[in-house]
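Accompanying notes for the structure given below.
The values are calculated or read from the model by the stated rules, or taken from the named source; none is laboratory data. This one's a predicted model, so the numbers in the text were calculated from it and none came from an experiment. With ideal geometry, Cβ positions are generated from the backbone for all residues, glycine too; neighbour counts draw on all protein chains shown. Side chains are part of the model used for accessible areas, which takes the heavy atoms of the whole protein and leaves out ligands, DNA and RNA. Shrake-Rupley method; radii C 1.70, N 1.55, O 1.52, S 1.80 Å.
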Amino acid sequence: MTNSVSDALKRVKPSATIGMSAKARALKATGRDVIALSAGEPDFDTPENIKEAAIRAIREGKTKYTDVDGIPELKDAICAKFKRENGLDYKRSQVNVSPGGKPVIFNAFLATLNPGDEVVIPAPYWVSYPDMALMCGGTPVFVETRMENGFKLDPKDLAKALTPHTKWVLLNSPSNPSGAAYTRAELAAIAAVLIDFPNVLILTDDMYEHLVYGDFEFTTIAQVEPRLYDRTLTMNGVSKAYAMTGWRIGYAAGPEWLIKGMASVMTQTTSNPSSVSQWAAVEALNGTQDFIPKNKLIFQERRDIVVSMLNQAQGLKCPTPEGAFYVYPSCAGLIGKKTPTGKVIDTDETFALELLEAEGVAVVHGSAFGLAPNFRISYATSNAELEESCARIQRFCASLS
């Protein structure tokens with residue numbers, strides 16, 4: 001008997017964000033005062049009307065198996081959402097509901113990728129994108145963005161990365177980890193490149209759609225360029241805007257052949273998402289949206305606190321992101337410096353580990369997201385905790401020499 005795992009599993013690595021959160025919990029368990037800014041999860045509770053819809057579903061016995069990729073009522077709610085908020089027309093047969101956003105992407109990749117197929121991914125990227133491509137037999141192709149461009153994909157760089165082997169281009173706006181969001185004009189410039197590559201599919205991860213700040217107007221690429229509609233999978237979910245991370249509902253709309261393929265994957269893997277969670281998601285999409293603008297203002301205030309305080313820290317530069325609840329500061333000004341104990345800060349990962357050890361602040365190193373030397377902070381926590389953690393970061397940076 002061999003103890004070796006599969007070749008597919010050997011190609012991937014554990015999530016760095018989950019790993020740093022685990023390190024923070026372990027340190028906290030020893031009695032240390034630890035503030036974890038590593039997890040991408042709103043600190044708000046799920047709204048009452050959504051919770052009540054789930055309770056009602058339980059009491060009404062809506063606890064059986066459902067259609068594998070979503071109940072008709074939820075698919076209708078998703079179609080209505082896309083029409084109402086994005087000006088996109090879909091029918092039920094074009095909609096997939098999965099147990100979270102990750103399975104949406106994984107199932108799309110598994111349904112389409114063959115060995116040698118390439119997935120173009122702008123960096124910095126959410127840590128799971130490349131590993132999901134690898135697990136499904138694809139080859140990730142990274143296109144680095146630049147801080148001076150707001151961590152947004154340059155259309156010229158995209159054009160250079162596209163080859164006859166490109167199967168997917170992945171867009172994420174607003175972005176995890178940078179918070180960068182594309183304007184309508186920026187998406188139009190990217191779309192102009194993709195029009196000339198008719199065999200390339202586009203996956204747009206819009207999970208943070210409702211978390212954009214100031215007067216920024218969210219748009220998605222199939223809305224901006226209708227000629228890409230037939231080959232775009234527009235993905236979203238209820239986890240971030242509706243504070244429903246644990247309910248595990250992601251969804252997407254796209255071409256029927258792809259949606260059918262994703263459903264086929266689900267028949268042999270997860271089967272349907274939780275029936276109760278689906279009914280809660282119906283209420284989330286169809287019910288009141290009044291809390292979203294209120295939560296946005298709270299997140300925007302938190303963003304401004306963090307950006308201001310990090311830019312006052314020695315050696316850090318932190319741009320102001322348009323959306324999500326992350327900042328992605330550069331720590332390039334600290335590389336080569338030493339801690340009071342003589343440890344050299346040689347990488348952003350060393351920076352993150354030494355910060356956790358010295359000050360009890362957990363952040364995620366930028367190399368995990370494919371662009372270094374940076375680190376990601378999630379500001380989905382209280383103003384008081386953010387002010388305290390940023391003060392600790394300032395103190396740590398000042399201690400380096």
Quiz prompt | Two-site label geometry, Gln268 and Asn3: point separation in nm, points 7 Å out along Cα→Cβ | solution = 3.1
Quiz item: Roughly speaking, what is the stretch gain from Ala185 to Lys317, that is 0.36 nm per residue apart minus the C-alpha to C-alpha distance, in nm to one decimal?
Solution: 44.9 nm
Self-check item: Cα-based helix-to-principal-axis angle, 348-359 vs the chain, degrees rounded to 10
Solution: 70
Quiz item: Out of residues 5 or more away from Ala36 or on other chains, whose amide H comes under 5 Å of its own, with H placed 1.01 Å from N in the peptide plane?
Solution: Ala362
Self-check item: In order through segment 322-339: 3J(HN,Hα) via Karplus (6.51 cos²θ - 1.76 cosθ + 1.60), integer Hz, x for Gly, Pro
Solution: 7, x, 6, 9, 9, 10, 9, x, 8, 10, 4, x, 10, 5, x, 7, 10, 7
Quiz item: Where does helix 16-29 land angle-wise versus the long Cα axis of the chain, in degrees 0 to 90, nearest 10?
Solution: 60
Quiz prompt | For segment 217-223, 3J(HN,Hα) per residue [Karplus equation, 6.51 cos²θ - 1.76 cosθ + 1.60, θ = phi - 60°, Hz, x = Gly/Pro] | solution = 9, 6, 9, 10, 5, 5, 6
Quiz item: Under a plain spin-label model, where a point goes 7 Å from the Cα along Cα-to-Cβ, how far apart in nm are Arg59 and Gln300?
Solution: 3.8
Practice problem: Show me 134-142, 366-374 ranked by packing, highest mean number of other Cβ atoms within 10 Å first. | Solution: 366-374, 134-142
Quiz item: Between Glu357 and Thr288, what length comes free when the chain is fully extended (0.36 nm per residue of separation minus the Cα-Cα distance, one decimal in nm)?
Solution: 20.5 nm
Quiz item: Using the Cβ atoms and a cut-off under 11 Å, what net charge is assigned to the surroundings of Ala284, where Lys and Arg are +1 and Asp and Glu are -1?
Solution: +1
Quiz item: For segment 188-277, what class follows from the C-alpha gyration tensor (a ≥ b ≥ c being the square roots of its eigenvalues): rounded when a/c is under 1.5, otherwise prolate if a/b is larger than b/c, else oblate?
Solution: oblate
Self-check item: Hydrodynamic radius (Kirkwood) for segment 161-227, which is based on Cα pairs only, to one decimal in Å
Solution: 12.6
Practice problem: Divide by every residue of the chain the summed helix terms, -39500 (n - 2.57) for each DSSP H run of at least 4, and state the resulting mean residue ellipticity at 222 nm, rounded to the nearest 500 deg cm²/dmol. | Solution: -12500 deg cm²/dmol
Quiz item: For segment 195-212, in order, what is each residue's ³J(HN,Hα) by Karplus, 6.51 cos²θ - 1.76 cosθ + 1.60 with θ = phi - 60°, in whole Hz (x at glycine and Pro)?
Solution: 4, 7, 10, x, 8, 8, 8, 10, 10, 10, 8, 9, 4, 9, 3, 7, 10, 10
Quiz prompt | Loop sites in segment 185-263: GluC sites (Glu not before Pro), DSSP, at most 16 other Cβ within 10 Å | solution = Glu217
Quiz item: For segment 82-203, what is the largest minus smallest coordinate of the Cα atoms on each principal axis, given in angstrom and ordered from greatest to least?
Solution: 39, 39, 29
Exercise. Calculate, for the chain, the solvent-accessible area per residue in square angstrom, rolling a 1.4 angstrom probe over the heavy atoms of the protein chains.
Key: 41
Practice problem: Determine how large the accessible area of Trp247 is when every protein chain is in place; take a 1.4 Å probe and give Å² rounded to the nearest 10. | Solution: 60
Practice problem: Could you tell me how many degrees, from 0 to 90 and to the nearest 10, lie between the Cα long axis of helix 101-112 and the main elongation axis, the longest principal axis, of the Cα atoms of the chain? | Solution: 60
Quiz item: Which value, in Å² rounded to 10, gives the accessible area of Ser6 with a 1.4 Å probe and all protein chains present?
Solution: 70
Exercise. Pick out, in residue order, every one of the chymotrypsin sites (Phe, Trp or Tyr not before Pro) in segment 303-358 that is DSSP loop and has at most 16 other C-beta atoms within 10 Å; say none if there are none.
Key: none
Practice problem: Return the FRET efficiency for the residue pair Lys83, Lys260: r is the Cβ-Cβ distance, R0 is 22 Å, and the value is rounded to the nearest 0.05. | Solution: 0.50
Quiz item: Given +1 on the Cβ of Lys and Arg, -1 on the Cβ of Asp and Glu, and no further charges, what dipole in debye does segment 99-233 carry about its Cα centre, rounded to the nearest 20?
Solution: 220
Practice problem: Would you mind getting me the FRET efficiency between Ser382 and His165? Use the beta-carbon distance for r and R0 = 30 Å, nearest 0.05. | Solution: 0.05
Quiz item: In the full protein assembly as shown, how much of Ile18 is accessible to a 1.4 Å probe, in Å² to the nearest 10?
Solution: 100
Quiz item: So who's got an amide H within less than 5 Å of the one on Asn272, skipping anything under 5 residues away but keeping other chains? H placed 1.01 Å off N, in plane.
Solution: Thr66
Quiz prompt | Cut-off under 5 Å, modelled amide H: who pairs with Gln314 long-range | solution = Ala398
Practice problem: Could you tell me which trypsin sites (Lys or Arg not before Pro) in segment 33-111 are loop residues by DSSP with no more than 13 other beta carbons within 10 angstrom of their beta carbon? | Solution: Lys64, Lys91
Quiz item: Which option, (i) 34, 25, 22; (ii) 43, 23, 19; (iii) 33, 21, 20, is the value of semi-axes √(5λ) of the Cα gyration tensor in Å that was calculated from these coordinates?
Solution: (i)
